[in-house]
Amino acid sequence: MAEEVSSQMNSLSISETNPSSSATISLVSGDDIVFKVEPTIAKEMETVQSFIDETDGKITTIPLPNISSHDLPYVIEYCEKSIAGKITKEFEAEFVKKLNNEEVKELFLAANYLNIKKLLDFLSQVIADRIANKSVEYVRRYFGIENDFTPEEEAKLREELAWTFTGVDPDDEDEN
């Protein structure tokens, strides 16, 4: 696990020390992995920035109990690209290409917790695209929603709203 995180950190060029700035912010993931980032990266994360503001900049280590060490490198990478003005359609396509549905949902929750509007908007669209034209059953599985309709109630709704079930893509059972 630590080796995996280390390789993720290296691929994102996150280092333990930052030669360009003497002041770095340490973000501690929920599984106790420390990520050091520049203050400009921290400012992209409104939740982190509020911690900094509340302590007049005296806090340098911020616990993020709701963010895993798997998700934090992705968040940092997106923030780095955002600051550099390098968020392109190509970058976004590559960014989510390697993520399965569970990882996208976890990253969405991380972006929501950290209050990163650009990332949250982007991931909202990714999720919308992934459930577009999918069956009710697929969407229920995607979000882990239990069907609370009786078979009779569901049959009646399907009959009354038959038009909503036309043009639905076949479910892909392998997607998670």
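No lab work stands behind these numbers, since they all come straight from the coordinates. All values reported here derive from a predicted model rather than from experimental measurement. So basically every Cβ, Gly included, is an ideal-geometry build from the backbone, and we count neighbours across all protein chains shown.
Annotations for the structure displayed:
- Candidate cross-link partners of LYS118 among the lysines, defined by an alpha-carbon separation under 17 Å and a same-chain spacing of 8 or more, comprise LYS43, LYS81, LYS86, LYS89, LYS105.
- GNM on the chain, alpha-carbon springs under 10 angstrom: the most fluctuating residue among SER29, SER50, SER69 is SER50.
- When the chain is reduced to its Cα atoms, the Kirkwood hydrodynamic radius in Å: 18.4 Å
- Helix axis angle, 72-83 relative to the chain longest principal axis, alpha carbon, degrees: 80 degrees
- Taking trypsin sites (Lys or Arg not before Pro) in DSSP loop conformation with at most 13 other Cβ atoms inside 10 Å as exposed sites, the chain has its longest uninterrupted site-free stretch at 99-176.
- A full extension of the chain between ILE83 and SER124 corresponds to an added length of 12.7 nm, given 0.36 nm per residue minus the alpha carbon distance.
- Crossing angle, helix 151-160 versus the chain [Cα axis fit, 0-90 degrees, rounded to tens]: 80 degrees
- On the basis of the beta-carbon distance and an R0 of 35 Å, ASP31 and GLU92 show a calculated FRET efficiency of 0.85.
- Dipole axis of the chain (+1 Lys, Arg; -1 Asp, Glu on Cβ), positive-most option in LEU64, LEU99, VAL139: LEU64
- Rounded to the nearest 10 degrees, the inclination of helix 2-11 to the longest alpha-carbon principal axis of the chain is 80 degrees.
- Under the combined filter of DSSP loop state and at most 13 neighbouring Cβ atoms within 10 Å, the range 74-176 retains these GluC sites (Glu not before Pro): GLU146, GLU173, GLU175.
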